[in-house]
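Data first, discussion second: the structure below is written as structure tokens.
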Amino acid sequence: MLSGLEVFTTVVVGVMVGVEFSVAFFVNPILDGLPGDNGLRGRTHGARLLGAVMPFWYIGSLVLVAVWAVAGRHHHGAGLVVTAAALLILSVIMSVLLLVPINNRVKTWTADGLPADWKQQLNRWDRFHYVRVAVIIAAFALLVGALG
């Protein structure tokens with residue numbers, strides 16, 4: 001039972017990391033390279049779509065890791081799982097305090113009603129997102145290490 005939970009949790013967190021990595025290093029740079037306001041339109045749509053899905057994915061991942069930490073507290077790698085949980089908590093805190101406020105503004109933007117500093121806000125979101133991606137990659141790596 002525990003090994004199934006471990007594998008399922010690692011896959012869920014790993015796919016989440018893949019999505020966030022893809023957004024940071026492929027999707028947003030592609031959107032930013034589109035002509036006119038197409039990239040901005042893609043970013044606002046992405047903010048709405050991923051803004052609706054990712055909170056459940058982050059919290060769900062954290063819950064799975066917490067269950068793993070409790071169920072496997074006497075097993076090999078328990079410290080790695082607890083550390084991964086702490087990193088996922090950090091990623092949720094970062095999201096709520098740093099990224100969500102910007103995301104909430106971005107998802108309401110239209111080409112006709114942009115704030116003067118819209119590019120700076122997107123750049124700020126990107127910088128915070130790069131740090132969050134590094135944090136969740138570290139959490140994922142710890143979970144993979146705990147499998148061994």
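Pairing residues of region 59-81 that are outside any helix (DSSP H, G or I) with residues that are not basic (Lys, Arg), at Cβ distances under 6 Å and at least 6 apart in sequence or on separate chains, gives Gly72/Leu2; Gly72/Ala78; Gly77/Ala146. For region 132-143, check the following and say yes or no: at least one residue is among the basic types (Lys, Arg), in contact (Cβ under 8 Å) with a residue 60 or more places away in the chain and assigned to a helix (DSSP H, G or I). Yes, because at least one residue in region 132-143 is among the basic types (Lys, Arg), in contact (Cβ under 8 Å) with a residue 60 or more places away in the chain and assigned to a helix (DSSP H, G or I). Pairs are defined by a Cβ separation below 7 Å, a sequence spacing of at least 6 or placement on different chains, a first member in region 1-13 that is closer than 16 Å to Ala78 by Cα, and a second member that is among the aromatic types (Phe, Trp, Tyr) and part of a helix (DSSP H, G or I); the pairs so defined are Leu5/Trp68; Glu6/Trp68; Thr9/Trp68. In region 33-44, the qualifying residues are those that are part of a helix (DSSP H, G or I) and free of Cβ contacts under 8 Å to residues at least 40 places away in the same chain, and the one that is most open to solvent (accessible area, probe 1.4 Å) is Asn38.
One line per residue, one yes/no per condition, for (1) small (Gly, Ala, Ser); (2) farther than 29 Å from Thr110 by Cβ; (3) in contact with a strand residue (DSSP E or B) (Cβ under 8 Å, 6 or more places away or on another chain):
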site: Leu5; (1), (2), (3): no, yes, no
site: Phe8; (1), (2), (3): no, yes, no
site: Ala24; (1), (2), (3): yes, no, no
site: Leu31; (1), (2), (3): no, no, no
site: Arg48; (1), (2), (3): no, no, no
site: Leu62; (1), (2), (3): no, yes, no
site: Val67; (1), (2), (3): no, yes, no
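Just one of the numbered conditions (1) of a type outside the set (Asp, Glu); (2) open to solvent by 20 Å² or more (accessible area, probe 1.4 Å); (3) closer than 24 Å to Asn123 by Cβ is not true of Val17: (2). Residue count for region 89-114 satisfying the condition of being assigned to a helix (DSSP H, G or I), open to solvent by 60 Å² or more (accessible area, probe 1.4 Å) and farther than 23 Å from Gly60 by Cα: 1. When residues in region 115-148 are screened for being open to solvent by 60 Å² or more (accessible area, probe 1.4 Å) and over 30 Å from Arg73 (Cα atoms), 9 of them pass. Checking the conditions here, which among Phe56, Phe26 is modelled with pLDDT of 95 or more, assigned to a helix (DSSP H, G or I), exposed (fewer than 12 other Cβ atoms within 10 Å of the Cβ) and within 12 Å of the chain's Cα centre (by Cα)? So the residue among Phe56, Phe26 that is modelled with pLDDT of 95 or more, assigned to a helix (DSSP H, G or I), exposed (fewer than 12 other Cβ atoms within 10 Å of the Cβ) and within 12 Å of the chain's Cα centre (by Cα) is Phe56. Consider region 69-88 and keep the residues that are under 21 Å from the mean Cα position of the chain (by Cα) and farther than 16 Å from Leu147 by Cβ. The one that is least open to solvent (accessible area, probe 1.4 Å) is Leu88.
The values are calculated or read from the model by the stated rules, or taken from the named source; none is laboratory data. Bear in mind the structure is a predicted one, so any value in this text is a computation, not a measurement. Ideal geometry is used to build each Cβ from the backbone, glycine not excepted, and the neighbour counts take in all protein chains shown. Areas reflect the complete protein model, heavy atoms only, side chains present, ligands, DNA and RNA absent. Shrake-Rupley method; radii C 1.70, N 1.55, O 1.52, S 1.80 Å.
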